Amino acid sequence: MSAENDNGITPENTPATPPDAEARKDSLIEYPSLFPIKVMGLKADGYVQAITHIAHQFDPAFDASTLELRESKGGKYLGVTITVTATSREQLDELYRTLSTHPMVKVVL
């Protein structure tokens, strides 16, 4: 005897769930999509260029003219917002790891 619900589906005839369905359900992001990332570090020569270079590595179509820069009140730090085209969770995770481990970067949000 098998348990049957109102629509006639039993555990034996339940449709298979695609393997990536769980991952898609867990993500609030629909891919591809534009995704802003704020990167903060010491204001230093080459800092913005380093962030731009990393953005291009993960999004070849990255448009550097969309960069947003914000200097800290004391002028010691610089916040850089990059907006990349996110194509997967793995891409974003690796981008965050790469930015976070760069020696000029203090915080990635």
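Each reported figure results from applying straightforward, stated rules to the coordinates on display, with no laboratory input. Quick caveat: nothing in here was measured; it's all calculated off a predicted structure. Here the Cβ is made from the backbone with ideal geometry for all residues, glycine too, and neighbour counts use every protein chain on show.
Quick look at the numbers
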read-out	value
Ordering of 81-89, 65-73 by packing [mean C-beta count within 10 Å, highest first]	81-89, 65-73
Distance (nanometres) between label positions extended 7 Å along Cα→Cβ at ARG89 and LEU109	2.4 nm
Computed Rg/Rh of the stretch 35-108, alpha carbon atoms with Kirkwood Rh	0.95
FRET efficiency, 1/(1 + (r/R0)^6) with R0 30 Å, evaluated for SER27 and LYS73 via beta carbons	0.25
